[in-house]
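Worksheet: one structure, shown below.
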Amino acid sequence: MPNILLIKSDTSKRTQKQKHLPKRFSYPLGIMYLAAVARRRWPGARIRIVDSRFERPDWKEIKDRFSPDLIGISALTAEATHLHCLAAEARSAGIRAPIVAGGPHASGYPKEVLGDPNFDLSVVGEGEETFLEILQRMDKRLPLRGIRGTAYRDDGKIHLAPPRPFIEDLDSLPFPAWDLVDVEAYCHSLRATPFGLARYMNIYTSRGCPYHCNYCHNINGKRFRARSPENVLEEIRRLQRDYRIHELEPMDDCLNLDRGRLLEICDGIIRGGIKIRMGLPNALRADILTDELITRLHRAGLYYSAFAIETASPRLQKAIHKHINLENLKAAVATAARVGIFCQGFFMLGFPTETREEMMTTIRFSTELALHVATFSIVLPFKGTEVYDTAMSLGRKTDFSYDEYDVMEGLVNVSELPDEELFRIHRLAYRRFYLRPRQIVRLFLRYPHKQALLQHTFEFLHRAFIPDRRIKKGQ
């Protein structure tokens, strides 16, 4: 029976500006699902999850007492430097077990990952079935070459195996291995919902998104696949029973694509007397929301929702393939705010070919919405996305270090503007949105947890007034 070590990577370093901002955490659901499917296949397997955002692996103890047969490390691109450090530390400790990279970075940069000889495989895309095949081959002492959904090394060369089909029946997956993580640690840390304080869990009720935004990953595919309402409700009941969870954070790409399914989930919560609060960090497509669904979500416990708007430029909405209907979105946000949902808007500045006037249009639009808070991010050109290819074709610099790929504090520039002007407009966006007397009063009156408002104010001051000293030339 295998001994499996699964690790969530961390960022390796933070900029001078980022050091003053709190780190936010979400449960490592990806490796929690991997642990669950492995344990179902091998009930006697020893499986350990280490989240290096909370604790650093004790490699000596791991080698001497746990003796892993396989190590899997999951990382975002912003965590890639630490991903490689972890693999090097394992090898330096004398661990010779295969090391597999997974998560968004491994999917987007598989060949770059395998340029590091400490890694044996890189998983590309959805991981559960690929992970099981890796373990099955190890169990039979078969080579790990050519497994679908991986990048592998053979004869000194790096190869991409054919992609693995996505899992169609998501109800067939076991629930994540909640018992292998320290629930208390996550519940006492800042998380994706900016002011959540109660015991909570992240969940996925669906995977995939049919929209083709040019800045987005393709890890879960461009076709919507959903769990049944019954399966989702059963997970919620178990989380409340076993872990006393009071809040949920669905992490879907597009939770409301199937409106009827989401209404059934809401009705199941309401009729079943499930007392739960919900925060949606980025799960709703706003321009397809209806008043009925917004009201039902609120009755089912929704108290916070983020809305991904990105840009108010009609030209850029087409160019980035988001095609969001801005008038429908404005009406949906107004309805959500009216029924009592705390609303946050996500905007992006610095698309390739974006002009200063288009950025200012987006900033003005943010002030016209019934939003309570807003976040302005700088466009990051992740490899494997169309925005990366566009930036390359325009001659923009795209070989930024992994440490600069921070979705909240991006320091890259692929726009038309000089670096200093882009980052100045980025700071200006926060001031224009927040420094309105009516908005300040409204935020103070409506902020769900007043004790978290001070932290939000601190973050605003840093983003609105303090330039980063590590601005990189992007043109």
Test set (1) in a strand (DSSP E or B); (2) touching a helix residue (DSSP H, G or I) at 6+ places or on another chain (Cβ under 7 Å) - residue 279 fails condition number: (2)
Residue that is surrounded by the fewest Cβ atoms within 10 Å (Cβ to Cβ) [pool: residues in the range 119-163 that are in contact (Cβ under 8 Å) with a residue 24 or more places away in the chain and more than 22 Å from residue 30 (Cα to Cα)]: 139
Of all residues in the range 321-335 being surrounded by fewer than 20 Cβ atoms within 10 Å (Cβ to Cβ) and aliphatic (A, V, I, L, M), the one that is farthest from residue 214 (Cα to Cα): 334
Odd one out for residue 87 among (1) more than 25 Å from residue 167 (Cβ to Cβ); (2) at pLDDT below 95; (3) surrounded by 20 or more Cβ atoms within 10 Å (Cβ to Cβ): (2)
Count - residues of the range 162-188 that are touching a helix residue (DSSP H, G or I) at 6+ places or on another chain (Cβ under 8 Å) and not in a helix (DSSP H, G or I): 8
Some residue of the range 375-386 being surrounded by fewer than 21 Cβ atoms within 10 Å (Cβ to Cβ) and more than 23 Å from the chain's Cα centre (by Cα): no
Unique match (being surrounded by fewer than 20 Cβ atoms within 10 Å (Cβ to Cβ), of a type in the set (Lys, Arg) and over 30 Å from residue 396 (Cα atoms)) among 356, 315, 338: 338
Whichever residue in the range 290-309 is part of a strand (DSSP E or B) and of a type in the set (Gly, Ala, Ser) and, among such residues, is surrounded by the fewest Cβ atoms within 10 Å (Cβ to Cβ): 308
Matching option when the condition is of a type in the set (A, V, I, L, M, F, W, C) and in a strand (DSSP E or B), among 239, 233, 248, 262: 248
Matching residues in the range 50-70 - criterion: being surrounded by 15 or more Cβ atoms within 10 Å (Cβ to Cβ) and outside any loop (DSSP other than H, G, I, E, B): 50, 51, 59, 62, 63, 66, 70
Residues of the range 387-400 satisfying the condition of being surrounded by 15 or more Cβ atoms within 10 Å (Cβ to Cβ) and either in contact (Cβ under 8 Å) with a residue 40 or more places away in the chain or in the same structural domain as residue 84 (by TED's automatic domain parsing) (or both): 387, 390, 396, 397, 400
Residue within the range 84-95 that is closer than 26 Å to residue 207 by Cβ, polar (S, T, N, Q) and in contact (Cβ under 8 Å) with a residue 12 or more places away in the chain present: no
One residue from 434, 447 being in contact with a Leu (Cβ under 7 Å, 6 or more places away or on another chain), under 26 Å from residue 329 (Cβ atoms) and in the same structural domain as residue 279 (by TED's automatic domain parsing): 447
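Rundown of residues vs (1) among the acidic types (Asp, Glu); (2) within 24 Å of the chain's Cα centre (by Cα); (3) over 26 Å from residue 385 (Cα atoms), yes/no style:
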{"site": "83", "(1), (2), (3)": "no, yes, no"}
{"site": "87", "(1), (2), (3)": "no, yes, yes"}
{"site": "91", "(1), (2), (3)": "no, no, yes"}
{"site": "96", "(1), (2), (3)": "no, no, yes"}
{"site": "100", "(1), (2), (3)": "no, yes, no"}
Residue under evaluation residue 439, criteria (1) surrounded by 19 or more Cβ atoms within 10 Å (Cβ to Cβ); (2) part of a helix (DSSP H, G or I), criterion not met: (1)
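Every residue, every condition in (1) crowded, with 19+ Cβ neighbours inside 10 Å; (2) at pLDDT 85 or above; (3) under 18 Å from the mean Cα position of the chain (by Cα), yes or no:
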| site | (1), (2), (3) |
| --- | --- |
| 182 | no, yes, no |
| 189 | no, no, yes |
| 195 | yes, no, yes |
| 201 | yes, yes, yes |
| 205 | yes, yes, yes |
| 209 | yes, yes, yes |
| 214 | no, yes, yes |
| 238 | no, yes, no |
Given (1) without any contact (Cβ under 8 Å) to a residue 12 or more places away in the chain; (2) among the acidic types (Asp, Glu); (3) not in a helix (DSSP H, G or I), index of the condition residue 416 fails: (1)
Residue in the range 347-362 that is without any contact (Cβ under 8 Å) to a residue 60 or more places away in the chain and either in a strand (DSSP E or B) or of a type in the set (Asp, Glu) (or both) present: yes
Yes/no for residue 366 being part of a loop (DSSP other than H, G, I, E, B), polar (S, T, N, Q) and surrounded by 18 or more Cβ atoms within 10 Å (Cβ to Cβ): no
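The values are calculated or read from the model by the stated rules, or taken from the named source; none is laboratory data. Bear in mind the structure is a predicted one, so any value in this text is a computation, not a measurement. Using ideal geometry, Cβ is built from the backbone for each residue, glycine included, and neighbour counts are taken over all protein chains shown.
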